[in-house]
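The structure appears below as structure tokens.
The values are calculated or read from the model by the stated rules, or taken from the named source; none is laboratory data. Being a predicted model, the structure only gives us computed values, none of them experimental. Virtual Cβ from ideal backbone geometry, glycine too; neighbours counted across all protein chains shown. Just the protein is used for accessible areas: all its heavy atoms, side chains included, with ligands, DNA and RNA removed. Shrake-Rupley method; radii C 1.70, N 1.55, O 1.52, S 1.80 Å.
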Amino acid sequence: MRRLLCQVCAGPADRTDDGVLWLLRDHRGDWPGWPDGMGVTEPPVCVPCLRFSVRVCPALRNGAVAVRAGRFAVDGVHGALHTGGPVPVFVGAVTVSLDNPAVRWVRAVSLARELRDCTIVDLDELAAGASCRT
């Protein structure tokens, strides 16, 4: 995630003038302008790995959307939240922003980025003719 490598093959994620390519679950009805402002914990993808990702990822089988984000700042972490005290106690899995005081009680397992300046692109058109590098 930090180096913007493809989550499947670990090669460079696809990047054009419109931005870096992410593959997201289709939640276009969640808010106007979706996915602008959305936080993601999954790394971006390269074009050759698009079809493979949709085929093997259970979360994407019910609908996937290819999105190019022009801006994608690291803004948080995802991991296990613990309570303070002499012996920290696991509370649950959370994603918190870096400016949230609770971040110091999270044992992070992944970075979170906020997608901005998003453009939805045609998944089938992108994937046509591409083959996975894995």
Practice prompt. Would you check which residues across the range 2-18 are open to solvent by less than 40 Å² (accessible area, probe 1.4 Å) and over 15 Å from Arg68 (Cβ atoms) and list them?
Written response: Cys9, Gly11
Discussion item. Going residue by residue through the range 19-34, is there one that turns out to be farther than 15 Å from Leu123 by Cβ, without any contact (Cβ under 8 Å) to a residue 60 or more places away in the chain, touching a Pro at 6+ places or on another chain (Cβ under 7 Å) and open to solvent by less than 40 Å² (accessible area, probe 1.4 Å)?
Written reply: yes
Fill in: Output for the range 50-75, where each listed residue is buried (at least 16 other Cβ atoms within 10 Å of the Cβ) and aliphatic (A, V, I, L, M)
Leu50, Val54, Leu60, Ala64, Val65, Ala66, Val67, Ala69
Worksheet entry | Among residues of the range 76-109, those that are under 23 Å from Leu4 (Cβ atoms), open to solvent by 50 Å² or more (accessible area, probe 1.4 Å) and in contact with a Ser or Thr (Cβ under 9 Å, 6 or more places away or on another chain), counted | 3
Discussion item. So the check is Cβ under 7 Å with 6+ separation or different chains; which pairs have a first residue in the range 70-92 that's basic (Lys, Arg) and a second one that's open to solvent by 70 Å² or more (accessible area, probe 1.4 Å)?
Written reply: Arg71/Arg116; Arg71/Asp117
Item to complete: Tell me which of these Gly39 doesn't satisfy, since it passes every other one: (1) surrounded by fewer than 14 Cβ atoms within 10 Å (Cβ to Cβ); (2) under 17 Å from Thr95 (Cβ atoms); (3) among the small types (Gly, Ala, Ser).
Response: (1)
